[in-house]
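A quick write-up on the structure given underneath.
The values are calculated or read from the model by the stated rules, or taken from the named source; none is laboratory data. The structure presented is a predicted model; accordingly, all values stated were derived computationally and were not measured. With ideal geometry, Cβ positions are generated from the backbone for all residues, glycine too; neighbour counts draw on all protein chains shown. Note: accessible area is taken over every heavy atom of the protein model, side chains too, but ligands, DNA and RNA are not part of it. Shrake-Rupley method; radii C 1.70, N 1.55, O 1.52, S 1.80 Å.
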Amino acid sequence: MGNKHSCCVYPGRHSSRSSTTHKGGGGGVEGCVEEPCEEQLCNLQHISEREPDDLDQDPSLHPSAGPLFLLKSKTVIENGLVRKRSRSHLDEGRTLKKSSSCSTIYIDDSTVSQPNLKNTIKCVALAIYYHIRHRTASRTIDIFDEKLHPLTKDGVPPDYDRYNPEHRHIYKFVRTLFNAAQLTAECAIITLVYLERLLTYADIDMTPGTWKRIVLGAIILASKVWDDQAVWNVDYCQILKDISVDDMNELERQYLVMIQFNINVPSSVYAKYYFSLRTLAEANDLTFPAETLSKERAQKLEAMSRICEDKYAAQMGRNGHKKWSSLDNINASSRRSVAILS
């Protein structure tokens, strides 16, 4: 993993449905070879060998690079032409939103540190939908092909790779896994980061016949790396009754190889994906829930803000900075009013 000059290759057979030649493969990891790679084989580029320019363009690593799903969601493919979505198209069917007034204040129930689970999964499913619908090619790897590795005993229909799934079908699949494994909303965001990292590193596309196994592999990694209570592969076999543990292990192993064992997600990248998902929700009328600010919650927020204020004031004092006192911290007996307010 840490050898910069590794000569290991990653072999695999490409599906006959692939429209372009792929730079990776879908089999096992073999030993070092001296012969040049054939058309189906290619050396995996180690993360340390990537050029700085490549890292700047990688949305799963660089905080300023736009996520792939957000770019794909802003285009509509019609008659082979790609055009920007018009503002009128975004405004069609837009519902009215709750607004704060003098008597009622609404606050968002989702924050970057504690996202709303249901709406986050909906947004992630919508991002996956745009990845499938607006793909530019159909480059696949065998390990993700549902026909070669079915998730059910019934297999797949003959036209399983011809029609794009609807958003509700993707949401149902992701929601079932998250509910059964009791995964968190943060894990859903990390799943999307790993998914786009795979598409970037392995140079493949999400297709109607591969999206389920690609998403499943990303969820497996995200749940093990980012959740406090790890979900074992055998637990997923209890959710997907017809899949074997060996298949799950191989899926996880090849996924790790294809993302070059890079499972690190900087906090800035996590925050970028969270706010990008909120942007996607805004453009597609997936509003995050808003709750009325109650008296009890207002008092709790005030107490939390005062704790943070006192902590920062103490820190500034240790650094030699003087903090001016506000009127709230001055004794009431020492205050002098220049006017009487009625």
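Taken over the stretch 186-233, residues that are in a helix (DSSP H, G or I) and touching a residue at least 12 places away in the same chain (Cβ under 8 Å) amount to 33.
Can you go through Phe261, Phe275 and tell me which one is touching a residue at least 24 places away in the same chain (Cβ under 8 Å), open to solvent by 60 Å² or more (accessible area, probe 1.4 Å) and on the phi < 0 side of the Ramachandran plot?
Result of the check over Phe261, Phe275: Phe275.
Checking each residue in the stretch 242-252 for being in contact (Cβ under 8 Å) with a residue 12 or more places away in the chain and open to solvent by 40 Å² or more (accessible area, probe 1.4 Å) picks out Asp242, Val245, Asn249, Glu250. I'm checking my understanding of the structure. Among residues of the stretch 154-165 that are touching a residue at least 12 places away in the same chain (Cβ under 8 Å) and surrounded by 11 or more Cβ atoms within 10 Å (Cβ to Cβ), which one is farthest from Leu240 (Cα to Cα)? Step by step, filter the stretch 154-165, then rank; the result is Arg162. If you check Asp285 against the conditions, is it out of contact with any helix residue (DSSP H, G or I) (no Cβ under 8 Å at 6 or more places or on another chain) and on the phi > 0 side of the Ramachandran plot? Yes; evaluated as a whole, the condition is true for this residue.
The residues listed here are Leu177, Leu151; of these, the one that is surrounded by 18 or more Cβ atoms within 10 Å (Cβ to Cβ), under 21 Å from Glu250 (Cα atoms) and not polar (S, T, N, Q) is Leu177.
Number of residues in the stretch 130-146 that are of a type in the set (Lys, Arg) and closer than 14 Å to Tyr160 by Cα equals 0. Among the criteria (1) over 17 Å from the mean Cα position of the chain (by Cα); (2) within 19 Å of Lys241 (Cα to Cα); (3) hydrophobic (A, V, I, L, M, F, W, C), the one Ile141 does not fulfil is (2).
Residue pairs whose Cβ atoms lie under 6 Å apart, sitting 6 or more positions apart in sequence or on different chains, and linking a residue in the stretch 110-129 that is farther than 13 Å from Tyr274 by Cβ and without any contact (Cβ under 8 Å) to a residue 60 or more places away in the chain to a partner that is open to solvent by less than 50 Å² (accessible area, probe 1.4 Å) and β-branched (Val, Ile, Thr), are Ala125/Ile170; Ala125/Val174; Tyr129/Ile170.
Here Leu61 meets the list (1) out of contact with any helix residue (DSSP H, G or I) (no Cβ under 8 Å at 6 or more places or on another chain); (2) modelled with pLDDT under 90; (3) in a loop (DSSP other than H, G, I, E, B) almost entirely, failing just condition (1).
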